[in-house]
Amino acid sequence: MIDPLERWREYGEKPDFAGLLTFGGLPYTEDPAELEGIDVAVVGAPTDDLVSDRPGTRFAPRAIRSASCPPGEHLEAKIDAFAELRMVDFGDAPVLPADAARSHAAIEATVGQVLAAGAIPIVLGGDHSIAEPDIRACAAKHGPVGLVHFDTHTDTGTEVFGVEVSHGTPMYRLVENGSVDPARYVQIGLRGYWPGPPEFAWQAEKGITSFFAHDVRKLGIEEVVERTLGIVGDGPVFISIDVDVLDPAFAPGTGTPEPGGLSSAELLWATRTVAAGLDVVGADIVEVIPTAVGSADVTALVAERTVRELMTGIALHRS
């Protein structure tokens with residue numbers, strides 16, 4: 001009989017509720033020197049100081065890690081990203097509660113360490129304002145990036161409640177500062193009642209492409225993704241996923257829920273397909289508000305599986 005301790009050590013075979021809490025049981029490090037040779041690093045960004053509605057996304061990185069399951073071959077894609085890619089959990093950026101500017105600086109610096117080592121950062125938010133330091137760091141390394149943005153909202157406001165730095169403004173600021181190439185920027189899943197004509201007029205002027213939720217229903221997610229791949233094309237790309245792109249039936253734990261969204265099946269397939277078809281240099285998933293523990297939290301669970309689809313797509317792209 002094999003000693004259970006030996007199985008843990010030799011095979012990494014342990015239940016998902018046991019052991020150190022890392023994403024999918026990945027090796028843990030906070031040492032940039034240990035990123036040498038790594039393909040993907042998971043980074044937490046536990047901050048929600050810039051939300052305009054429900055708070056709580058600061059607890060999401062821990063909840064998403066808690067919802068993760070052991071590695072294994074993707075039954076549809078026929079590939080195990082954990083076997084194909086060298087990955088680590090790089091811990092959380094040293095955010096500072098109530099000081100959003102310093103938290104964003106810490107996130108940008110931590111993501112920058114991952115990029116400096118030649119790895120791809122996948123960031124667990126946090127509210128959507130973290131996309132600004134995430135993408136700024138990627139653009140500093142790779143130049144202006146394309147952007148595939150899954151969201152209910154465009155997040156291209158010039159301000160929210162009179163505040164210029166918010167979870168509703170990062171994409172406007174990233175385009176304006178040259179971090180994102182608007183001609184290679186595609187939004188998927190928009191619906192609801194915000195933003196309004198001024199924001200969409202600015203987007204049209206910049207050449208940003210928007211696929212609304214009704215476009216997904218009319219065209220099908222496959223056609224929307226195919227068109228997205230053609231628009232974004234070659235070059236470095238960032239994928240930013242706000243979990244509120246999903247219908248609240250699939251992701252009730254989020255700050256600004258809006259009925260009529262994508263299904264979890266649509267988002268998982270789209271995420272994997274986009275990541276497999278493009279040169280992904282970074283990604284984040286944001287706006288998860290945990291509502292339960294572990295896999296009982298359906299929002300954290302779908303966020304965790306979305307990250308796995310990102311990893312699977314990256315593995316497919318490299319293979």
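The values are calculated or read from the model by the stated rules, or taken from the named source; none is laboratory data. None of these values were measured; they are calculated from a predicted model. Positions of Cβ are backbone-derived with ideal geometry, glycine not excepted, and every protein chain shown enters the neighbour counts. Only protein heavy atoms, including side chains, enter the accessible area calculation; ligands, DNA and RNA are left aside. Shrake-Rupley method; radii C 1.70, N 1.55, O 1.52, S 1.80 Å.
Here are the numbers for this structure:
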| quantity | calculated |
| --- | --- |
| log₁₀ of I(q)/I(0) at q = 0.21 Å⁻¹ - the range 173-319, Debye sum with one point per alpha carbon | -1.48 |
| Computed [θ] at 222 nm, helices only, for the chain once each DSSP H run of length n ≥ 4 contributes -39500 (n - 2.57) | -11000 deg cm²/dmol |
| Fraction of accessible area attributable to carbon and sulfur, the chain (%, probe 1.4 Å) | 54 percent |
| Accessible area of the chain divided out per residue, in Å², using a probe of 1.4 angstrom | 41 Å² |
| Using θ = phi - 60° and Karplus 6.51 cos²θ - 1.76 cosθ + 1.60, couplings along the range 31-42 (whole Hz; Gly, Pro as x) | 9, x, 5, 7, 7, 4, x, 7, 8, 9, 10, 8 |
| Cα→Cβ-extended label distance, 7 Å offset, between R217 and A18, nm | 4.7 nm |
| Residue of F200, F212, F59 that the Gaussian network model of the chain assigns the largest fluctuation, springs spanning Cα pairs under 10 Å | F200 |
| Cα principal axis extents for the chain, largest first, Å | 68, 42, 37 |
| Overall form of the range 172-222 per C-alpha gyration tensor (a/c, 1.5; a/b vs b/c) | oblate |
| Mean-position separation - Cα centroids, the range 62-90 and the range 140-207, in angstrom | 30 Å |
| Antiparallel DSSP beta bridges within the chain, percent to nearest 5 | 5 percent |
| Inter-label distance, nm, simple model (7 Å from Cα along the C-beta direction), A183/E76 | 3.3 nm |
| Cα lying deepest toward the dipole's positive end in the range 191-290, options P198, V237, G260, charges on Cβ | G260 |
| Amide H contacts under 5 Å for V123, placed H, 5+ residues apart | V43, A283, D284, I285 |
| Calculated SAXS-style log₁₀ I(q)/I(0) at q = 0.17 Å⁻¹ - the range 117-247, Debye, Cα scatterers | -0.88 |
| DSSP-defined antiparallel bridges as percent of all bridges, the range 132-211, nearest 5 | 10 percent |
| Relative contact order (percent, whole number), the chain, Cα cutoff 8 Å, 6+ residue spacing | 21 percent |
| Antiparallel %, DSSP beta bridges [both residues in the range 137-276], to 5 | 5 percent |
| The range 37-165: proportion of alpha-carbon pairs further apart than 23 angstrom, % | 38 percent |
| Most mobile listed residue (R184, R62, R86) in the chain, GNM with C-alpha springs under 10 Å | R86 |
| Selected from L21, L124, L75 as most flexible by GNM, with the chain as the system and alpha-carbon contacts under 10 Å | L75 |
